[in-house]
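Heads up: the structure comes next, in structure tokens.
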Number of protein chains: 2
Amino acid sequence: MSVLIVGSTALDSIKTPKGENPRLLGGSASHAAVAASFFGPVKLVGVVGQDFPPRYLQLYKRHRINLEGLQILPGKTFHWSGEYEVNMNNRRTLLTELGVFETFTPKLPNSHQNAPFVLLANIAPSLQHHVLDQMERPKFVAADTMDLWLNIALQDLLRLIKRLDAFVLNDSEAHQLTKEDNMFAALKKIHKLGPKYVVIKKGSHGSILSGPRGFFLCPAYPLPKVVDPTGAGDSFVGGMMGYLATAKGSVEENIRRAMIYGSVVASFCCEGFGLTRTTRVTRQQIEQRVKELEKLSRF
Amino acid sequence: MSVLIVGSTALDSIKTPKGENPRLLGGSASHAAVAASFFGPVKLVGVVGQDFPPRYLQLYKRHRINLEGLQILPGKTFHWSGEYEVNMNNRRTLLTELGVFETFTPKLPNSHQNAPFVLLANIAPSLQHHVLDQMERPKFVAADTMDLWLNIALQDLLRLIKRLDAFVLNDSEAHQLTKEDNMFAALKKIHKLGPKYVVIKKGSHGSILSGPRGFFLCPAYPLPKVVDPTGAGDSFVGGMMGYLATAKGSVEENIRRAMIYGSVVASFCCEGFGLTRTTRVTRQQIEQRVKELEKLSRF
């Protein structure tokens, strides 16, 4: 089955202690869509400006990502620029130029409205709502978010959370939302907001699922060297949804393995700037790391 | 087989957001010895003053801990007082009264010198050396440490690390020792200092083993409420050594499971002040949490 992914499609200029790279392909939807593409068909919904490099359209196409829902509008593509500190955990935004993103209204082509799996990647909650409003009856809806929306659009976000099967957020956002330092206590509070599944991402410490069968402690793949963590969280949730959409059986049966696959795709993402490493990965290399993670977790 | 454990035996006055408790039984050797006692015989080596409450001697004895190596000297027991912040991760030392600990020289009874498993719990590296010097030919030696010794006794510690089978430290100490933010990179560097096994403790994020068979990602047992984390790291390494000493088969075959058992004992430790929760635990409750951790990690 296919996954519909909506989110930001951007140009990222990224500076880390390992180097500097201008105008890479970035954005939550780009990372999530490429990650999901390793498992099955993906429909991308987003917006770019007329300055969007044709090579990036080619990149999407090489990953067989359906671009019917990608609007190309007069104006400039959303441009984000940021810098990471030595420890790769703290990042600082240097510049945000919204460009065509400022007035973006996602419009779903007819062929997209019956997609069974929907990933509302990080984007304003009002736009996430707008996409859901156009869907017929999705089988499984997941959403990611960021601290910005907790700060400036909390009510929209809380209304959105009620409409989700799975809500994915990182540990600092979970703390911000619940005022809980303890992530297991935070998970309990977030469940009360509506979703059946809650996933808290903890970067190199892995992630935690809370669902009807209890917790799952999902490890992160060990990386002795991180080149650029931008998009790792989007890759995680994209890989997870891509796997879920194509695996046989119920979501409940597959979600743990789906997180493992997401975790592995995210590990590749961190090994290069932007999408440069992810786009060179093969399904076989993904399977290899999944097997390694099995070995690394066995006792 | 028995485990010999040397370290601090202290009175801890602990303040956390959940409450305040004066003069609890504490110290690295106390926590480690009680944790190890769930699995087999333990020999404790330490020192206390004449003010040491008899009920704490009874507590050791209830856990069938051999106290032949516990010196009771004229003077005061080592007293530590500390306060935790709301998030339970940062702690502040309010007071340290060394008492009889100031001039402590561990002296091993003859019956202790052939112990096959030795845990050098957190104590000055020079004293850890002194214990090793008195041992005949231990089968497996592990040591823990703390930031203080990295600051004031680094050369002693580096010499000690060469003599170990396993070196256990927490993530901030690993960073301090190697200047690496990435724990997998830090593990590689620490291996070069000598030990076959290196374990990095990451608190609620679990722990990582690096050994001849590669990495093991050991989860922490999920706790929605932490009452007092003091001694959790000592409980972890004590439980690990206690399990290793009694399990059939080689250390290599057992060390992952040993870490899981250590992780479970540490989880109980965090649920009460000082040793109050740990001392009420049964082996059956430990086995129950080990089974739960298996379920929580399976995919």
**Report entry** Inter-copy label distances at A:HIS191 (7 Å, Cα→Cβ; nm, one decimal)
**Finding:** 4.0
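Which value results for Rg/Rh of segment B:55-142 when Rg is the Cα radius of gyration and Rh the Kirkwood radius based on the inverse mean 1/r? Kindly include the intermediate steps, with their values, before the conclusion.
Details: Rg = 15.9 Å, Rh = 15.5 Å.
Rounded to two decimals, Rg/Rh equals 1.02.
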Query raised in the report: Distance from the Cα centre of segment B:209-283 to that of segment A:86-125, in angstrom?
Result: 42 Å
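How big is the antiparallel share of DSSP beta bridges in segment B:68-172, given as a percent to the nearest 5?
Numbers: 6 of 12 bridges.
Antiparallel: roughly 50 percent of the beta bridges in segment B:68-172.
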Requested in this report: Identify the residue of chain A whose Cβ lies closest to the rotation axis that maps chain A onto chain B, and give that distance in whole Å.
Outcome: A:HIS205, 2
**Report entry** Accessible solvent surface per residue of segment B:248-295, calculated while the other protein chains remain in place, 1.4 angstrom probe, Å²
**Finding:** 42 Å²
Query raised in the report: In a GNM of chain A with a 10 Å cut-off on Cα contacts, which of A:THR93, A:THR105, A:THR77 has the highest mean-square fluctuation?
Result: A:THR93
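Give me the mean projected area, in nm² to one decimal, of the convex hull enclosing the Cα positions of segment A:1-132.
On the way: hull surface 33.2 nm².
Reported value for the Cα convex hull: 8.3 nm².
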Requested in this report: Restricting things to alpha carbons, find the Rg to Rh ratio for chain B using the Kirkwood radius for Rh.
Outcome: 0.93
Report task. Return an integer: the convex hull volume of the alpha-carbon atoms of segment B:1-78, in Å³ per residue. Result -> 88 Å³
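DSSP beta bridges in chain B, what fraction antiparallel, as a percent rounded to 5?
Details: 21 of 53 bridges.
That works out to approximately 40 percent antiparallel.
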Query raised in the report: Of all DSSP beta bridges in the protein assembly as shown, what percent run antiparallel (nearest 5)?
Result: 40 percent
Query raised in the report: In the full protein assembly as shown, how much of A:ILE152 is accessible to a 1.4 Å probe, in Å² to the nearest 10?
Result: 120 Å²
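Mean separation of Cα pairs under 8 Å and 6+ residues apart, divided by the residue count of segment A:72-118: what relative contact order is that in percent? Kindly include the intermediate steps, with their values, before the conclusion.
Details: 43 pairs, mean separation 16.3, N = 47.
Here the relative contact order equals 35 percent.
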Requested in this report: When a/c is below 1.5 the answer is rounded, else prolate if a/b is larger than b/c, else oblate, so apply that to segment A:104-199 with a ≥ b ≥ c taken from the square roots of the Cα gyration tensor eigenvalues.
Outcome: prolate
Query - B:GLU20 accessible area, assembled protein chains, probe 1.4 Å, Å² - result: 130 Å²
Report task. Output the relative contact order of segment B:1-96, whole-number percent, from Cα pairs under 8 angstrom with separation of 6+ residues. Result -> 31 percent
Requested in this report: Give the span of segment B:200-297's Cα atoms along each principal axis, as three whole-Å numbers ordered largest to smallest.
Outcome: 37, 25, 25
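How much of the calculated P(r) for the protein assembly as shown lies past 39 Å, in percent of all Cα pairs?
Values: 61569 of 178503 pairs.
Above the 39 Å cut-off, the protein assembly as shown has 34 percent of its Cα pairs.
At a 1.4 Å probe radius, which order do A:ILE161, B:ILE72 fall into by accessible area, largest first? Present the calculation step by step, with values, prior to reporting the outcome.
Values: A:ILE161 0, B:ILE72 90 Å².
I get B:ILE72, A:ILE161, largest accessible area first.
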Report task. Run down the lysines and flag those whose C-alpha is under 27 Å from the C-alpha of A:LYS179, throwing out any fewer than 8 positions away in its chain. Result -> A:LYS162, A:LYS188, A:LYS189, A:LYS192, A:LYS196, A:LYS201, A:LYS202, B:LYS15, B:LYS18, B:LYS201, B:LYS202, B:LYS225
Query - Which of A:LEU108, A:LEU98 is most accessible, then next, and so on - probe 1.4 Å - result: A:LEU98, A:LEU108
Report summary line: Taking the label point 7 Å from Cα along the Cα-Cβ vector, the copy-to-copy distances for A:ARG277, listed from shortest in nm with one decimal, are 3.7
Query raised in the report: Counting only the heavy atoms of the protein chains, how much of A:VAL227 is accessible to a 1.4 Å probe, in Å² to the nearest 10?
Result: 20 Å²
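Suppose a student asked you for the relative contact order of segment B:182-299, using Cα pairs under 8 Å spaced at least 6 residues apart; what percent would you report?
Working: 157 pairs, mean separation 25.2, N = 118.
For segment B:182-299, the relative contact order is 21 percent.
The values are calculated or read from the model by the stated rules, or taken from the named source; none is laboratory data. Just so you know, these numbers come straight off a predicted model, no measurement behind them. Cβ coordinates were reconstructed from backbone atoms using ideal geometry, including for glycine residues, and neighbour counts include every protein chain displayed. These accessible areas exclude ligands, DNA and RNA; they are computed on the full protein's heavy atoms, side chains included. Shrake-Rupley method; radii C 1.70, N 1.55, O 1.52, S 1.80 Å.
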